[in-house]
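Read the structure below first, then the notes.
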């Protein structure tokens, strides 16, 4: 059974017993927001569409809208995809749910397309609004236009927009064109991890888009070794010079996380020598500070070299940001006293540096 067939089986159970929708309810206090469960059910509906599924999709969208309010982990595209499925029912009354979604916050105001509001058709939407009684009606008309003739969209605009959305969500339509991306976007993690090595080892020229996917997939897999290889390959294939410092910095950060401080120092020193951009220098100084914090020894040669660079750049720029400036103060303390760990271990917990609490008792 394919994953989509599995989704369809779940959908059929809900169709037979709508009470099962309660299993897809969003709970802001729960660990699992059911975000991807709702996406999977929507994918099943998208591939086995029935007009009788209207109430199911409307329920899923209402729950997805609640998810958006509370900033839980997930992908906002799931909200947009559910909204897109709702447009297929051509029901003008859904405009109120769409308008609520567009007004959740500033980001929703920008990200949730205004076209959704008249997706049931320009003429049909305005005909519905003539007799509709809703407290948001005046505000809605102020946004889309007071009358059909003054609507900010034409029917041609809406038709073109629907085709664009159809293309955008092609990855969810059978036959699935990109299996790995589908598994990633539906959070089918276990199956994704079994397929990832084969994808990485495929013979290819490595386009800019493929390199971006490589970095994304490696991070999703929580595989630091693969992340490092992805950034090394990106730098090798990079033809966008303005991104070189960014990629190098991210690679150095990964080396810091994996304890390969010598490699991180070499990269960070090279970036600093080659730029006058204070923001880039600030980001590099942050990582040099983290090297010293993790080393936690004033006698370590890498820590000494890192601190030498930090002092030179601090003298040049004076201040970076409150967080980085605090890091510099902390590493200065480390480089002043060899046995700061022993000294601090006897201090009350509240008196220890913030990074000691972050990295654990071994520091």
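Tabulated data for the structure shown
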read-out: Test: residue in the stretch 119-136 that is closer than 30 Å to residue 178 by Cβ, in contact (Cβ under 8 Å) with a residue 12 or more places away in the chain, under 33 Å from the mean Cα position of the chain (by Cα) and not in a helix (DSSP H, G or I); value: yes
read-out: Tally, over the stretch 120-159, of residues that are loosely packed, with under 12 Cβ neighbours inside 10 Å, touching a helix residue (DSSP H, G or I) at 6+ places or on another chain (Cβ under 9 Å) and under 30 Å from residue 47 (Cα atoms); value: 1
read-out: Test: residue 161 is in contact (Cβ under 8 Å) with a residue 12 or more places away in the chain, in a helix (DSSP H, G or I) and not assigned by TED's automatic domain parsing to the domain that holds residue 277; value: yes
read-out: Pair list, Cβ < 7 Å and 6+ apart or interchain, from the stretch 173-184 residues that are surrounded by 14 or more Cβ atoms within 10 Å (Cβ to Cβ) to residues that are at pLDDT 95 or above and not in a helix (DSSP H, G or I); value: 182/176
read-out: Tally, over the stretch 69-89, of residues that are over 11 Å from the mean Cα position of the chain (by Cα) and closer than 20 Å to residue 163 by Cβ; value: 10
read-out: Residue within the stretch 228-238 that is part of a loop (DSSP other than H, G, I, E, B) and either under 30 Å from residue 322 (Cβ atoms) or modelled with pLDDT under 95 (or both) present; value: yes
read-out: Test for residue 49: is it farther than 21 Å from residue 191 by Cβ and in contact (Cβ under 8 Å) with a residue 12 or more places away in the chain; value: yes
read-out: Segments classed as helices (runs of 4 or more DSSP H), wholly inside the stretch 1-111, with at least 1 members that are more than 27 Å from residue 159 (Cα to Cα); value: 3-16, 35-47, 54-69
read-out: Which listed residue, of 276, 245, 241, is over 26 Å from residue 333 (Cα atoms), crowded, with 17+ Cβ neighbours inside 10 Å and either in contact with a strand residue (DSSP E or B) (Cβ under 7 Å, 6 or more places away or on another chain) or modelled with pLDDT under 95 (or both); value: 245
read-out: Residue check for residue 272: part of a helix (DSSP H, G or I), assigned by TED's automatic domain parsing to the domain that holds residue 329 and closer than 18 Å to residue 304 by Cβ; value: yes
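The values are calculated or read from the model by the stated rules, or taken from the named source; none is laboratory data. Since we're looking at a predicted model, the values are computed, not measured. Using ideal geometry, Cβ is built from the backbone for each residue, glycine included, and neighbour counts are taken over all protein chains shown.
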